[in-house]
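Heads up, the thing below is written out as structure tokens.
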Amino acid sequence: MNKAKKAKPHEIISNRGFAKYFHGRKEILRNFTVLLEDSLRNNKGTNFLFQGAPGVGKTALLEKCKEFAINKGWDVVKIKPNGLWDPSQLKKYLGSERMMKLRKLLLKGEVGGIGGHAEIEFSKKSVLEILETGKSPLLLTLDEAQTLGGNNRPPDEHLSTVTDVLDEIHNGGFQRPLILVISGLGPTRNILKSFGISRFNTKCSVDLGPLDKKSERAVINDWLVREGKARETPNVWIGSITKETHQWPHHIMSYVIPAVNELQKANGNMTSELLKKVMIAGRKDRFDYYEKRTSEFDKLDRHVIAKTFAFDDEMEGFHRKQIVSSFSNEFNASESKELFDKALLNGVISMDCDSYKISIPSMKDWLLSNYS
């Protein structure tokens, strides 16, 4: 039998998901910890939302919230949008994480005194009834929640179910600690509003932005020193990388992955030639990312978007009507609105307070240099 080929370092490090070296977001995690504790104390829960542009670190933060909850004894279950209205799908998601524990309790008759037939009865329950079952604290996580307004929009006959489920969680309607952590792109809050969830506690709703500079440098340093085994203080490398990452977590990974790979091959020796290789690889990954992010837009779409935001010199953004009006120089009203919604749902533009902009400065520069 052939031995499995050992993966290279850059093949096993992902740009998405759990951040091996996590820095920053302290206030958000502090508020989340308080929510966990309050929910246990009051035997209730609510929805906890963070939204932001692509690559800002939503999935990594979501994983960190899961870690915090597990350490405090919560059951943690990842669901997809259909788990909000389809009992069979919710049961499947619960089963992947905690159904074995629940089955044992049910078959012993320790949940609601319903004995050996509990599992059969459980399968017939609605989503609301399933979530009401059990006493242990439960954290549900829903990533890419903006798809509730697009590809994963609930069927019309289930819209009321989604509204009821979100509302019950939001208002602590279950007789157990139950929190739903929702992560998504910029329009997520407005999509939730369409389901009746409009008033979040200020500490339970976050617009995620770039890392602070100190955290950015700390993340890069950890990768270079702890993974790359750099033999000297990597300040020069960190300085070069931060000039192009704009404190954006995805971009940081674009550079540290090739940096770790080069350092490991060079036994931690840091040379200017290696740094040049790292910078070239990092830029290529960034540009590939922009290509993928705009892959659903044809050349004219990209041109119109670039032309509109070419005048946003201070990165302050524009109101929706201004953007749609600019798009209408090339398209009719319906097409202009469709392009705006598509750009928002795909994370090409994002909402910041009451304006919309291309959040990543280097992505804006890439669009302007290639399509304006």
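The values are calculated or read from the model by the stated rules, or taken from the named source; none is laboratory data. Predicted model only: the values in this text are computed from it and were never measured. Here the Cβ positions follow ideal geometry from the backbone for every residue, glycine too, while neighbour counts run over all protein chains shown. Calculation scope for accessible area: heavy atoms of the full protein, side chains included, ligands and nucleic acids excluded. Shrake-Rupley method; radii C 1.70, N 1.55, O 1.52, S 1.80 Å.
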Q.
Compute a Gaussian network model of the chain, connecting alpha carbons closer than 10 Å, and tell me which residue from 22, 297, 311 fluctuates the most.
A. 311
**Q.** Highest-MSF residue in the chain out of 155, 361, 137 [GNM, Cα springs under 10 Å]
**A.** 155
Q | Förster radius 35 Å - calculated FRET efficiency between residue 271 and residue 354 (Cβ-Cβ, nearest 0.05) | A | 0.10
Q | Calculated Cα extents along the principal axes in Å (choose from (i) 69, 59, 46; (ii) 64, 49, 42; (iii) 54, 51, 39), label | A | (i)
**Q.** Length gained when the stretch residue 152-residue 243 is fully extended (0.36 nm per residue, less Cα-Cα span)
**A.** 29.0 nm
Q: For an R0 of 30 angstrom, estimate the FRET efficiency from the Cβ-Cβ distance between residue 190 and residue 30 and round to the nearest 0.05.
A: 0.65
Q: Quick one: compute the contact order of the chain, relative version, from alpha carbon pairs under 8 angstrom and 6+ residues apart, as a percent.
A: 20 percent
Q: Please build a GNM for the chain, connecting alpha carbons under 10 Å apart, and tell me which residue among 23, 319, 250 fluctuates the most.
A: 319
Q. With the other protein chains left in place, how much accessible area per residue, in square angstrom, belongs to the stretch 161-287 at a 1.4 angstrom probe?
A. 44 Å²
Q: Calculate, for residue 284 and residue 92, the FRET efficiency according to 1/(1 + (r/R0)^6) with r their C-beta to C-beta distance and R0 41 Å; round to the nearest 0.05.
A: 0.55
Q) With labels modelled as points extended 7 Å from the Cα through the Cβ direction, what inter-label distance (nm, one decimal) is found for residue 160 paired with residue 136? A) 3.4 nm
Q. Between residue 365 and residue 329, what length in nm is gained on full extension when 0.36 nm per residue of separation is reduced by their alpha carbon distance?
A. 10.8 nm
**Q.** Of all accessible heavy-atom area on the stretch 223-372, the percent that carbon and sulfur account for (1.4 Å)
**A.** 48 percent
Q | Qualifying aspartates and glutamates (Cα of each under 18 Å from Cα of residue 229; at least 8 residues distant if same chain) | A | 11, 262, 273
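Sort the stretch 172-305 into rounded, prolate or oblate with this rule: let a ≥ b ≥ c be the square roots of the eigenvalues of the Cα gyration tensor; rounded if a/c is under 1.5, and if a/c is not under 1.5, prolate when a/b is larger than b/c, oblate otherwise.
Judged from the Cα gyration tensor, the stretch 172-305 comes out oblate (a/c at least 1.5, b/c at or above a/b).
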